[in-house]
Structures are given as C-alpha cells and as structure tokens.
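Step one of this worksheet: look at the structure below.
Read the figures in this text as sums done on the coordinates, not as results from a lab. Here the structure is a predicted model, which is why all the values come from computation and not from measurement. Every residue, glycine as well, gets a Cβ built from its backbone with ideal geometry; the counts of neighbours run over all protein chains shown.
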Amino acid sequence: MTPKTIVLTGASDGIGAAASRLLSEQGHRLLLVGRSPEKTAAVAGEVGADHFVADFASLAEVHELAERLTDAAGDDGIDVLANNAGGIFGDPQPTVDGFEKTFQVNHLAPFLLTNLLLPGLLRRGGSVVNTSSAAHRFFGRLELERLGDVRHVSARRDYGDAKLATVLFTRGLHQRFHDDGLSAVAFHPGIVRTSFAAGSRSGMRMVYHSALGRVLPMISAAQGGANLAWLLAGTPGVTWTSGRYYDRYRPTARVHSQADDPHLADALWRRSAEMVGLG
Ligand SMILES: NC(=O)c1ccc[n+]([C@@H]2O[C@H](COP(=O)([O-])OP(=O)(O)OC[C@H]3O[C@@H](n4cnc5c(N)ncnc54)[C@H](OP(=O)(O)O)[C@@H]3O)[C@@H](O)[C@H]2O)c1
C-alpha cells in the first residue's frame with residue numbers, strides 16, 4: 001500500500017482521534033487538525049504526526065490553516081482531506097463571521113478549507129471524505145435564503161441542515177471536479193460514543209451524555225474511527241464510489257429528498273461561496 005498524505009480535521013477527539021491512530025499504524029503521513037491546542041498536541045504526539053490548530057468558528061483562522069497546511073504538504077500536495085470536525089453547538093450568539101455556529105463549523109468552514117486546498121488535492125488526483133450524519137435525513141430542510149441564520153428553528157434543525165449541506169457539498173465536489181480526477185464521498189459513522197454534543201444544550205446532549213444514553217446501542221469511538229479510516233485509506237472507484245453517501249461501510253440511497261437534487265447542490269455551492277467570500 002502506498003502511504004498517503006492525509007489532512008484530518010476533528011483529529012483531537014472521538015472518531016478523528018481514533019482514525020488517526022489506525023492510519024498512523026498503516027504508515028500514512030498525517031496532518032492533524034483540532035481546535036484545542038492541548039488535545040490536538042496530545043493525539044499528534046501519540047501518533048507522531050504534524051498538528052495544526054484552528055477554530056472553525058472563525059473563517060480567518062480557516063484561511064491561515066489552509067496556508068499552513070499547504071506549506072506543510074509541500075510540492076507533493078495532499079492525497080486526502082477528511083472534513084470530520086463538527087458537532088451540535090446550539091450557541092445563540094453568531095460567530096465572528098455572523099453565522100449560526102453549527103452551520104459554520106460543520107459546513108461553511110470545511111467548504112472554505114476544501115476550496116483553499118483544492119489546487120494541492122487536484123495535483124494528486126486526491127479525494128475529500130466528509131463526515132455527515134443520518135441526522136440530515138431526520139432534521140434537515142435547506143432554505144437557501146435562510147442559510148446560516150442564527151437559531152431560526154432549533155439546534156437540531158441547524159445540525160440537520162449542516163449535515164444535509166455536507167451531503168450536497170459532496171455531490172457538488174463530484175459534479176464539478178470528478179472529471180479532473182478528484183473524488184468525494186460523504187458518510188454517516190453510526191451512533192458513536194464520543195464527546196459529541198457534550199457542550200450543547202439540545203436534546204442530543206441527553207441522548208449522548210446521560211444515564212439514558214448509556215443504555216442506547218452505541219458503537220465505540222474506535223469503531224467509528226475505523227469506518228473513517230477505511231474511507232481515507234481506501235481507493236475511490238475500487239473500495240468506494242465518488243459522489244455517494246455511505247451509511248457506515250455501505251452506499252445507501254436512504255438520503256433526504258433534497259440530497260439528490262443536482263440544481264440544489266449547485267445553488268448551495270454558489271451561496272456558500274458568497275457567504276465565505278470566495279469569488
Ligand atoms: N458521535 C456520533 O454519534 C456522530 C454521528 C454522526 C456524525 N458525527 C459527526 O462525526 C464528526 C466527529 O464527531 P465526534 O463524534 O468524534 O465528536 P467529538 O468527540 O466531539 O469530536 C469533534 C471534533 O471536532 C472538533 N471541533 C469541534 N468544534 C470545532 C471548531 N469550532 N473548530 C474546529 N474543530 C472543532 C473537536 O475539536 P476539539 O476537541 O479540539 O475541540 C473534535 O476534534 C462530527 O462531524 C460529527 O458531527 C458523529
């Protein structure tokens with residue numbers, strides 16, 4: 001197996017940290033990204049990887065991160081970008097950029113990061129692996145004119161919208177760049193016992209971090225991380241299919257009805273580009 005250069009966000013905890021451990025054992029070069037300097041340094045130290053810190057609630061930090069990652073990757077570029085950082089936050093304050101935080105951290109920031117890293121990814125015929133969630137089917141319903149509004153319905157809806165945007169963004173990447181050699185996939189990792197929703201005041205916190213949660217059939221962070229690592233180490237067109245949404249290890253058509261609309265994927269792309277200030 002040829003070692004890959006893999007950028008992995010959300011690497012400081014949960015699914016991302018578990019995937020980092022597996023991928024480093026397989027000999028890949030990892031550029032690990034987290035928000036907490038201490039947690040990110042700890043995981044990177046454990047697996048012997050380079051690490052980078054950025055808060056996705058600031059688009060300026062995403063710009064700086066992209067520059068540092070591009071420098072670190074060097075002339076060879078990046079084989080795989082894993083947009084895995086995310087969660088449900090339910091913060092009533094807008095981010096410094098003026099957007100609802102769950103939408104920005106899960107969709108706008110990775111949209112911007114991916115676009116800024118595209119030259120390096122295209123140079124390698126690389127791939128983008130986006131961590132979505134089955135929540136997109138249950139709670140999402142995109143209204144382009146209200147995208148990124150602070151708390152227009154509920155934290156759950158904001159999370160569903162963001163993860164639906166992740167599926168459509170994946171379709172958009174495939175539509176726009178697959179002919180140029182780029183592949184993209186989105187996936188739901190299962191219900192995974194991690195720090196997910198720990199800082200949220202939504203009902204999701206109850207599900208994941210209460211006595212109730214302990215009786216629910218959740219998988220471990222190691223199992224969720226193995227799913228992510230399988231996609232990152234895999235070969236598009238052989239082990240997984242570009243443009244598709246996977247539920248754990250299988251492609252599935254069980255997606256939100258809006259997720260199959262190529263015109264919406266295109267409109268979301270253009271709206272997201274406006275929001276993050278890309279021409
Ligand atoms: N757990 C589940 O059941 C489940 C199900 C479906 C989808 N997912 C998705 O899986 C992904 C990983 O979640 P997880 O379960 O591993 O949760 P987790 O343990 O809470 O890890 C979340 C990761 O995202 C990072 N992150 C959070 N806010 C950030 C911000 N503002 N800027 C930059 N990075 C930020 C965290 O960084 P710090 O730790 O450094 O703050 C951490 O590395 C998320 O996209 C989540 O939505 C999870």
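What the phi angles of segment 49-60 give under the Karplus curve with 6.51, -1.76 and 1.60, with θ = phi - 60°, is a coupling list of 10, 6, 9, 9, 10, 7, 9, 6, 6, 10, 5, 4 Hz, glycine and proline written as x. Post the alpha-carbon centroid distance, segment 70-94 to segment 28-54, in whole angstrom. A separation of 12 Å, based on Cα centres.
Modelled label positions at Thr70 and Met1, each set 7 Å beyond Cα in the direction of Cβ, lie 3.0 nm from each other.
Summing Lys and Arg as +1 and Asp and Glu as -1 over all other residues whose Cβ lies under 11 Å from the Cβ of Ser127 gives a net charge of +1.
Phi angles across segment 141-149 convert, under the Karplus curve 6.51 cos²θ - 1.76 cosθ + 1.60 with θ = phi - 60°, into 3J(HN,Hα) values of 6, 7, 10, 4, 6, 10, 4, x, 5 Hz, Gly and Pro given as x. Mean-square fluctuations from a GNM of the chain, with a 10 angstrom spring cutoff on Cα atoms, peak among Ala226, Ala60, Ala17 at Ala60. Of all lysines in the structure, those lying under 27 Å Cα to Cα from Lys101, and not within fewer than 8 positions of it along the same chain, are Lys39, Lys163.
Distant-in-sequence amide contacts of Phe89, defined by a placed amide H-H separation under 5 Å and a gap of 5 or more residues or a different chain, comprise Thr102.
Note on the chain: helix-only mean residue ellipticity at 222 nm, from DSSP H runs of 4+ residues weighted -39500 (n - 2.57) and normalised by residue number, equals -13500 deg cm²/dmol.
The HN-Hα couplings worked out from phi for segment 160-176 by the Karplus form 6.51 cos²θ - 1.76 cosθ + 1.60 (θ = phi - 60°) are x, 4, 5, 6, 5, 4, 4, 5, 5, 4, 5, 4, x, 4, 5, 4, 7 Hz, whole numbers, x standing for Gly and Pro. Amide H contacts for Arg248 (H built 1.01 Å from N in the peptide plane; partners 5 or more residues away or on another chain; cut-off under 5 Å): His188, Gly190. Put in line by how crowded their Cβ is, counting other Cβ atoms within 10 Å and starting with the fewest, Met275, Met1, Met206 read Met1, Met206, Met275. Residues whose amide H comes within less than 5 Å of that of Ser127, counting only those at least five positions distant or on another chain, are Val80, Leu81, Ser183 (H built at 1.01 Å from N in the peptide plane). Taking one quarter of the surface of the C-alpha convex hull of the chain gives a mean projected area of 13.3 nm².
With K and R counted +1 and D and E -1, the other residues having a Cβ less than 12 Å from that of Leu278 yield a net charge of +1.
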